[in-house]
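One structure is given below, encoded as structure tokens.
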Amino acid sequence: MRNLAESVRIGHGYDLHRLEPQAPSGPGRPLVVGGVRLDFDRGPIAHSDGDALLHAVTDALLAAASLPDIGQLFPDNDPRHESQDSRDFLREAGDRVRALGWTIANIDATVILEKPKLSPHKAAMRSCIAGVLDIDVSRVGIKGKTHEKVDAVGEGRAIEVHAVALLVRD
Ligand code: MG
């Protein structure tokens with residue numbers, strides 16, 4: 001058994017996407033959060049599918065293993081990632097941390113979004129993340145918050161996500 005400091009790693013991830021009216025009235029993409037498409041009239045401005053929850057979780061995992069971040073691994077000026085399903089980024093991050101010998105102990109994320117309500121979709125989001133990473137759903141936590149109508153997030157002009165991931169190894 002290694003000493004504790006060599007056996008655990010925590011990583012933090014953060015993401016924000018501006019929300020704009022969806023086509024045909026604006027440039028916003030469909031609103032996808034945690035792999036779940038939400039019925040709403042605004043959506044993210046993004047090169048990929050703009051899934052802020054999956055981007056933050058991807059970065060938390062990569063950060064915990066001291067790997068390059070999502071912007072370095074999947075540059076947003078690379079045409080190969082245009083409209084890309086962010087589950088691909090998350091899967092790649094999971095594969096990379098496992099290749100270094102880490103086990104994903106748990107993930108916790110806070111999604112800050114004024115509308116629509118996340119609570120009816122949280123179970124599906126947890127299942128999606130757990131499924132992509134091939135871990136038990138009990139290892140994935142998601143909390144939804146509003147921004148109390150203040151600032152850009154509170155005015156519905158952005159979605160913001162904070163996430164942490166804990167990695168362990170024997
Ligand atoms: Mg992003």
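I'd like the full set of residues that are touching a Gly at 6+ places or on another chain (Cβ under 9 Å) and buried (at least 16 other Cβ atoms within 10 Å of the Cβ), limited to the range 98-110. If you could, list the steps in order and put the result at the bottom.
Quick first cut of the range 98-110, residues touching a Gly at 6+ places or on another chain (Cβ under 9 Å) only: 104, 106-110.
Once the filter is applied, which keeps residues that are touching a Gly at 6+ places or on another chain (Cβ under 9 Å) and buried (at least 16 other Cβ atoms within 10 Å of the Cβ), the range 98-110 yields Ile104, Ile107, Asp108, Ala109, Thr110.
Determine if the range 111-127 includes at least one residue that is buried (at least 16 other Cβ atoms within 10 Å of the Cβ) and in a strand (DSSP E or B).
yes
Looking at (1) within 15 Å of the ligand (Cβ to nearest atom); (2) over 26 Å from Val153 (Cα atoms); (3) aliphatic (A, V, I, L, M), which one does Val32 not meet, given that it meets all the others?
Of (1) within 15 Å of the ligand (Cβ to nearest atom); (2) over 26 Å from Val153 (Cα atoms); (3) aliphatic (A, V, I, L, M), only one is false for Val32: (2).
Filter the range 61-77 for residues that are within 14 Å of the ligand (Cβ to nearest atom) and either closer than 24 Å to Pro30 by Cα or free of Cβ contacts under 8 Å to residues at least 40 places away in the same chain (or both) and give the result.
Within the range 61-77, Asp69, Ile70, Gly71, Gln72, Leu73, Phe74, Pro75, Asp76, Asn77 meet the criteria.
Please go through the range 128-140 and pick out each residue that is outside any loop (DSSP other than H, G, I, E, B) and exposed (fewer than 14 other Cβ atoms within 10 Å of the Cβ).
Residues satisfying the conditions are Val137, Ser138.
Every read-out reported here was derived from the displayed coordinates using simple, explicitly stated rules and does not represent laboratory data. Everything numeric here is computed off the predicted structure, so don't read it as measured data. All Cβ positions, even for glycine, are placed from backbone atoms using ideal geometry, and neighbour counts span all protein chains on display.
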